[in-house]
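Trainee: Below you will find the structure I want to go over with you.
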Amino acid sequence: MSSYKLLALDMDGTLLDHEHSISQENRRWIAKAREAGITVMLATGRNLPSVMPYFQQLELDGPLVTVNGSDVWLRPGELLQRTLLRPEAVPELVRLARHCEVKFWGHAVEGTFRQDRWPDQEEAFQWFSFAVHSENKEHLEWIRRESSRIGAFEISNSHPCNLEFNPPGIHKASGVGKVCEMLGISMDEVIAAGDSINDLALIRAAGLGAAMGNAQEEVKRAADTVAPANTEDGVAVLIQRYIFGLE
């Protein structure tokens, strides 16, 4: 057995395949890791309602990091930490997105909203994050530049065509770090796996940072190891190699 005590998994592009399902092998080896005393947690850009079906499918009962670290849960229903965007920042981000005519959405305590059903009074909501999507890289770069005039943000992505805005200093690493404090362990005892820029801080901070075979190149360069792709049971392979020492 290894000295690692916590396995933090991204969902889309990591734990989940292209059909947004968890493979039988991934489920089986996650169960084995938990039986061996490893804390297995999800660290995702998704909000809690979107995470819960997978949390229940894996029969997890412990901590969670959602919306890229804006919410940290001891377990569903027990909030450990919540960090929100400044209310006045969201209308300004919406203005930038509409100027470029790009798709946009936001996660709030009150729900997830997209541009086709966007609330009239954004300031009345409690926003975790805001995101835009465009295949036009110039639009994304313009929005990134102009957002700096609004204020400081943690900017990442879960897809090369996205920009995702969280409160400054809030990311998956800050969330998992809070979980480690609660569990009384260090980040050196964490294995983290992911595929996108919103996983970078966590992959760099973990004792073992793993990029999936399908990960963005910047994530692969930052990682300690590259696992097979999300469609090739990459999570199961990581558990076999680094928790159980199997080849």
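The values are calculated or read from the model by the stated rules, or taken from the named source; none is laboratory data. From a predicted model like this one, the values you see are computed outputs, not experimental measurements. For neighbour counting, all protein chains shown are included, and Cβ atoms are generated from backbone atoms with ideal geometry for every residue, glycine included. In case anyone asks, the SASA skips ligands and DNA or RNA and just uses the protein heavy atoms, side chains included. Shrake-Rupley method; radii C 1.70, N 1.55, O 1.52, S 1.80 Å.
Trainee: What aspartates and glutamates does residue 137 reach when the alpha-carbon gap must be under 16 Å and sequence neighbours fewer than 8 apart in one chain are set aside?
Mentor: Cross-link targets: 101, 146, 164.
Trainee: Which whole-number percentage describes the relative contact order of the chain, with Cα contacts under 8 Å and a sequence gap of 6 or more?
Mentor: This gives 22 percent for the chain.
Trainee: Same structure, new question: Please determine, in degrees from 0 to 90 and to the nearest 10, the orientation of helix 172-183 with respect to the longest principal axis defined by the Cα atoms of the chain, where the helix direction is its Cα long axis.
Mentor: Result, in degrees: 50.
Trainee: Say we join alpha carbon atoms closer than 10 Å with springs in a Gaussian network model of the chain; which of 183, 15, 85 then has the biggest fluctuation?
Mentor: Judging by the Gaussian network model, the answer is 183.
Trainee: Something else now. Is the shape of the stretch 127-247 rounded, prolate or oblate, going by the alpha carbon gyration tensor and its root eigenvalues a ≥ b ≥ c, with a/c under 1.5 for rounded and a/b larger than b/c for prolate?
Mentor: oblate
Trainee: Calculated from DSSP H runs of 4 or more alone, at -39500 (n - 2.57) each and per residue, what is the 222 nm mean residue ellipticity of the chain, nearest 500?
Mentor: Computed ellipticity for the chain at 222 nm equals -9500 deg cm²/dmol.
Trainee: Also, quick follow-up: On C-alpha positions alone, give me the angle between the axis of helix 137-150 and the longest principal axis of the chain, in degrees, nearest 10.
Mentor: In the chain, helix 137-150 runs at an angle near 70 degrees to the longest axis.
Trainee: Another question, then. Given a 1.4 angstrom probe, what's the average accessible area per residue across the chain, in square angstrom?
Mentor: Per residue, the chain has an accessible area of 45 Å².
Trainee: Hey, another quick one. For the residue pair residue 36 and residue 82, what label-to-label distance in nm results when each label sits 7 Å from Cα along the Cα-to-beta-carbon direction?
Mentor: 3.7
Trainee: Greater than 21 Å separation of Cα atoms is the criterion. Which listed pairs, 103/172; 5/220; 103/178; 5/178, meet it?
Mentor: Over 21 Å apart, Cα to Cα: 103/172; 5/220; 103/178.
Trainee: Report the full-extension gain for the segment residue 52 to residue 121: residue separation times 0.36 nm, less the Cα-Cα distance, to one decimal in nm.
Mentor: 22.0 nm
Trainee: I want the antiparallel fraction of DSSP beta bridges within the chain, as a percent rounded to 5.
Mentor: Bridges in the chain are about 60 percent antiparallel.
Trainee: On a 0 to 90° scale, report how tilted helix 48-57 is relative to the longest principal axis of the chain, with both axes built from alpha carbons and the result rounded to the nearest 10.
Mentor: Approximately 20 degrees, to the nearest 10.
Trainee: How much length is gained if the chain between residue 20 and residue 114 is pulled fully straight, taking 0.36 nm per residue apart and subtracting their Cα-Cα distance, in nm to one decimal?
Mentor: Extending this stretch completely gives an extra 31.8 nm.
Trainee: Another question, then. Taking springs between alpha-carbon atoms closer than 10 angstrom, which of 128, 153, 113 fluctuates most in the Gaussian network model of the chain?
Mentor: Top of the fluctuation ranking is 113.
Trainee: On to the next question. Restricting to bridges with both residues inside the stretch 105-247, how much of the DSSP beta-bridge set is antiparallel, in percent to the nearest 5?
Mentor: 70
Trainee: Something else: Once you sort the root eigenvalues of the Cα gyration tensor of the stretch 169-215 as a ≥ b ≥ c, which label holds: rounded (a/c under 1.5), prolate (a/b larger than b/c) or oblate (the other case)?
Mentor: oblate
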